[in-house]
1. Name the residue that is surrounded by the most Cβ atoms within 10 Å (Cβ to Cβ), counting only residues in the range 67-93 that are within 13 Å of the chain's Cα centre (by Cα) and part of a loop (DSSP other than H, G, I, E, B).
2. For the structure I just gave you, tell me whether G37 is surrounded by fewer than 17 Cβ atoms within 10 Å (Cβ to Cβ) and over 24 Å from K88 (Cα atoms).
3. Quick one: how many residues across the range 4-21 are outside any helix (DSSP H, G or I) and of a type in the set (D, E, K, R)?
4. Whether any residue in the range 46-64 is over 13 Å from the mean Cα position of the chain (by Cα) and surrounded by 14 or more Cβ atoms within 10 Å (Cβ to Cβ) is what I want to check.
5. Restricting to the range 1-21, and then to whatever is touching a residue at least 40 places away in the same chain (Cβ under 8 Å) and buried (at least 18 other Cβ atoms within 10 Å of the Cβ), can you tell me which residue is nearest to L92 (Cα to Cα)?
6. Quick one: how many residues across the range 22-64 are touching a residue at least 40 places away in the same chain (Cβ under 8 Å) and in a loop (DSSP other than H, G, I, E, B)?
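The values are calculated or read from the model by the stated rules, or taken from the named source; none is laboratory data. None of the values given here were measured: they were computed from a predicted structure. Please note: Cβ atoms are built from the backbone with ideal geometry, for glycine as well, and neighbour counts cover all protein chains shown.
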Amino acid sequence: MMAKLKGSLFQIKVWNEIKKIPKGKVATYKEIAINIGHPKAYRAVATACKLNPLPLKIPCHRVICSSGKIGGYSGKLNSIVKVKLLKKEGYLK
């Protein structure tokens, strides 16, 4: 069982939506924003991803830009790690 998430109501909505993305699939920041009822808040979704307290439980690496670009990822090696994770899950080759 996962401990209660600590963050704003918006962040918790984002993180709960991200948990629904299956392994090997992705969603865009905009899709997440639309799914949680804030269609113009895609930048805030990106910020919530950046502030994700549990990256192993909440797979924010599965969230990408609408353009198809990978986007950022938390940590020093950010996009490099994100690409590796998406390759490991079979989304990228």
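1. Y73
2. Yes; evaluated as a whole, the condition is true for this residue.
3. Final tally of qualifying residues: 4.
4. No: the range 46-64 contains no residue that is over 13 Å from the mean Cα position of the chain (by Cα) and surrounded by 14 or more Cβ atoms within 10 Å (Cβ to Cβ).
5. For the range 1-21, the residue satisfying everything is I21.
6. Number satisfying all stated conditions: 10.
Residues checked against (1) at pLDDT below 90; (2) more than 18 Å from W15 (Cα to Cα); (3) in contact with a Phe, Trp or Tyr (Cβ under 7 Å, 6 or more places away or on another chain); (4) of a type in the set (S, T, Y):
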residue	(1), (2), (3), (4)
A41	no, no, no, no
T47	no, no, no, yes
P55	yes, no, no, no
I58	no, no, yes, no
R62	no, no, no, no
C65	no, no, yes, no
K76	yes, yes, no, no
V81	yes, yes, yes, no
K84	no, yes, no, no
